[in-house]
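This report concerns only the one structure given below.
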Amino acid sequence: MNGHPQFAEALALYALGALDSQQERTELESHLGTCGECRRELEALRADTALLALSAVGPKPPDRVRERLLKAVAAEPRMQPRAQKPYVVGRMRPRWLTFAPMAVMLLLAVFSILLWRDLRDAKREVRERQRQIDQLTEDLNKTKSDLAAARDVRDVLHAPDAWPLTLVQVKASPQPQMKVIYSKQKGAIFVLASNTHQLPEDKIYQLWLLPSDGGAPMPCGWFKPDSQGNGMIMHHMHSPGISAKSFAVTIENAGGSETPTMPIVMEPAG
């Protein structure tokens, strides 16, 4: 009961039908009529009480409850001993001794419920804290991945042997273009495309490196332009040190190709 802890003890006794004080009962019932939180707590306590009926153990009650029980026992009226008859041996057992074990078990049940609910709330809080930790870990890993990608782009742009060139569309207006920066030393290529034409859903633009030794064109990544015709490629070759004579762009099926499909749609200007 985070909102009304002053009713916690009375609410537990009320759930068990053991709240004997008429004043406390009246105050609690009046409060229950206006407090939805306490009504829900009462229903939960009653449900927990039913479960506790299967258990025969419970936590030690607080000292204040023990004192309250002893006061109640002390206030219980004692039976006056009857006149002894010559043939009667011993004395009568006080009546409160019959009810004392029941009262103790009742109090143990009440505080078992309270302890049980505190444990359940603690477990719920632990799960929430673990969820927050997992989310923070996921965000941190994403940030690390973004930083690694940014470092790749920076390294290629500032490589000593970076080779910048611009590709334009073949036999068309020069507006669509791709800026290509290739580092032979790092074996990496960075491409920034703009104003390219939109493609069907199953098509992509693919970049090819044309080796200076006359070998077969080598795939260098692909992209699908956004609604403004822009795109980007950051590609690492299978090994550094590949000399490039030129670059070209073809239109391929989604997922890329191992060999270019003619015609070439973009190549270096000039």
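Going by how many other Cβ atoms sit within 10 Å of their own, how do 9, 41, 125 line up, fewest first?
125, 9, 41
Would you mind calculating the gained length between residue 25 and residue 179 on full extension (0.36 nm times residue separation, minus the Cα-Cα distance), in nm to one decimal?
47.3 nm
FRET efficiency for residue 234 and residue 121, Cβ-Cβ distance as r, R0 = 45 Å, nearest 0.05?
Details: r = 49 Å, r/R0 = 1.09.
For residue 234 and residue 121, the calculated efficiency is 0.35.
Averaging sequence separations of C-alpha pairs under 8 Å and six or more residues apart, then dividing by the length of the range 163-268, give the relative contact order as a whole percent.
30
Excluding residues fewer than 8 places away in the same chain, name every one of the aspartates and glutamates whose C-alpha is closer than 17 Å to that of residue 184.
152, 155, 161, 213
When Lys and Arg each count +1 and Asp and Glu each count -1, what net charge do the other residues less than 13 Å away from residue 32, Cβ to Cβ, add up to?
With Lys, Arg at +1 and Asp, Glu at -1, the neighbours total -2.
Beyond 23 Å, what share of the Cα-Cα pairs of the range 163-268 remains, rounded to the nearest whole percent? Let's see the in-between values first.
Values: 1045 of 5565 pairs.
The answer is 19 percent, as a whole percent.
Here is the link list: 179/203; 179/245; 186/245; 144/186; 144/179; 179/224. Which ones come out longer than 25 Å on Cα distance? Don't skip to the end; give the middle numbers.
Working: 179/203 21 Å; 179/245 16 Å; 186/245 17 Å; 144/186 21 Å; 144/179 27 Å; 179/224 15 Å.
Checking Cα-Cα distances, 144/179 exceed 25 Å.
Within the range 161-270, which GluC sites (Glu not before Pro) sit in a loop by DSSP and count at most 15 neighbouring Cβ atoms inside 10 Å?
Passing both the DSSP loop test and the Cβ count: 201, 258.
Can you sort 186, 142 by how many other beta carbons sit within 10 Å, fewest first?
The order, fewest Cβ neighbours first, is 142, 186.
None of the figures in this text is laboratory data; all of them are computed from the coordinates on show. Values in this document were obtained by computation on a predicted structure and should not be read as measured data. Please note: Cβ atoms are built from the backbone with ideal geometry, for glycine as well, and neighbour counts cover all protein chains shown.
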